[in-house]
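Inspection log for the structure reproduced underneath, given as structure tokens.
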Amino acid sequence: MSVQAESNGSDHPIEVVLVTGMSGAGRTTVANVLEDMDWYVVDNLPPQMMRPLVELVARADGALPKIAVVIDAKGRTKYTELQETISDFVDQGLSLRIVFLDASDEVLVRRFESTRRPHPLQGEGTLLDGIEAERAELESLKHRADIIVDTSDLNVHQLSAEVRKRFSDDDTPPLRLTVMSFGFKYGLPKDADHVADVRFLPNPYWIPHLRGHNGLDSDVAAYVLEQNGAEEFIERYAATLSTVAEGYLHEGRGYAMIGIGCTGGKHRSVAISERVGRLLSAQTGIPVAVRHRDLGRE
């Protein structure tokens, strides 16, 4: 949808996607992926609130250029309101992309049985009764959809990859990597996916003229990187992480954090993290942020 922020005189196009479809077909997964891709996601929004939401965002001067509205269209009242809202958008010349998620009856039954939850429209009937009722209710909405994704043969990772393929642009990194130095004396990073220990290298702390400096200083970095095994470790570890990153991309993962630790998180881990971050970014083409958790704590 292209809406101009006319209320403040600016010119910021707003992209809006409506995510809907069959219960159990993957709406939550799609919402999570779009949110990871920096879309502003609103779940279970009443249909009549869509237009006020877009108008409100238009006044934000481009701060929220991409909006995904996830709507459960079950129920006669809600369904009617959604159809009227879509027609209102079309009548006013505003384009709205509709993503409809579907799956076969057999797959939906299996998914509901695995979660041990009844279908919202099941009532006193069977799971299949509820699915059939919902399918009949949403049939005309499905015909209005711009994108129909059948998730019958897709697992969570494959659906995530499909969403990323359809909605990624040149400004959206497929994977965000963070390399973070830390000191083991302050504890392991709780959110690290991989941890490397570089305490096998000599500690600059015991070199008087280096003790008061840190791994960001050229003298300390040179000392650390010139030690036997330092460059070999960096090259092999970066190559390993490149392989891991390829796997993350294939599985549709959006973020990973690599922790590199030394004793205090001041010298060795800082210098190594900087070097690994640059090399990993060069090898994969993926943006890598380098952070130093414990720098300055001593």
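The values are calculated or read from the model by the stated rules, or taken from the named source; none is laboratory data. Since we're looking at a predicted model, the values are computed, not measured. Cβ sites come from the backbone with ideal geometry, for glycine too, and all protein chains shown count toward neighbours. Quick note on the areas: whole protein, heavy atoms, side chains included, nothing else; ligands and nucleic acids left out. Shrake-Rupley method; radii C 1.70, N 1.55, O 1.52, S 1.80 Å.
Observations on the model:
- Simple Cβ-charge dipole of the range 212-298, Lys/Arg +1 and Asp/Glu -1, about Cα centre, in debye nearest 20: 300
- Interchain or long-range residues, amide H under 5 Å from V179's placed H: I258, A289, V290, R291
- Degrees, to the nearest 10: 230-251 long Cα axis against longest axis of the chain: 10
- K165 sits with roughly 150 Å² accessible to a 1.4 Å probe, with DNA, RNA and ligands left out of the calculation.
- When the residues W39, W206 are ordered by accessible surface, computed with a 1.4 Å probe over the protein chains alone, the sequence from largest down reads W206, W39.
- Ratio Rg/Rh, restricted to the range 254-294 and using Cα atoms, in which Rh is the Kirkwood radius: 0.98
- Accessible surface of the range 15-167, 1.4 Å probe, proportion on carbon and sulfur as whole %: 49
- Once backbone amide H atoms are built at 1.01 Å from N, Y40 has K66, I67, A68 as its partners under 5 Å, excluding neighbours fewer than 5 places away on the same chain.
- Top of A103, A222, A68 by mean-square fluctuation, Gaussian network on the chain, Cα under 10 Å: A222
- Estimated inter-spin distance, V42 and Q158, nm [label 7 Å along Cα→Cβ]: 3.4
- For the chain, the residue among H213, I258, L295 whose Cα projects farthest onto the positive side of the dipole built from Cβ charges is H213.
- Estimated distance in nm for a label pair at R166 and V195, the labels positioned 7 Å out from Cα along Cα-to-Cβ: 4.0
- With the convex hull of the Cα atoms taken as the outline of the chain, the averaged projected area works out to 19.9 nm².
- 0 to 90° range, to nearest 10: angle between helix 268-284 axis and the chain longest Cα axis: 50
- For V90 and I147, the FRET efficiency from 1/(1 + (r/R0)^6), where r spans their Cβ atoms and R0 equals 25 Å, is about 0.90.
- Net dipole in debye of the chain [+1 Lys, Arg Cβ; -1 Asp, Glu Cβ; about Cα centre; nearest 20]: 1140
- Stokes-Einstein D (µm²/s) once Rh is taken as the Kirkwood radius of the range 15-167 over alpha-carbon pairs, at 4 °C in 1.567 mPa s: 81
- Taking every C-alpha pair closer than 8 Å and separated by at least 6 residues, the mean separation divided by the residue count of the range 15-167 gives a relative contact order of 33 percent.
- Helix 76-91 axis, angle to the chain major axis (alpha carbon atoms, nearest 10°): 80
- Of all aspartates and glutamates in the structure, those lying under 19 Å Cα to Cα from K165, and not within fewer than 8 positions of it along the same chain, are E15, E35, D36, D38, D102, D146, D150, D153, E246, E251.
- The range 176-292, accessible area per residue, ligands and nucleic acids excluded (1.4 Å, Å²): 49
- Extent along principal axes [Cα atoms of the range 176-292; Å; largest to smallest]: 47, 26, 20
- Gain upon complete extension [H250, E298; 0.36 nm per residue less C-alpha separation]: 13.2 nm
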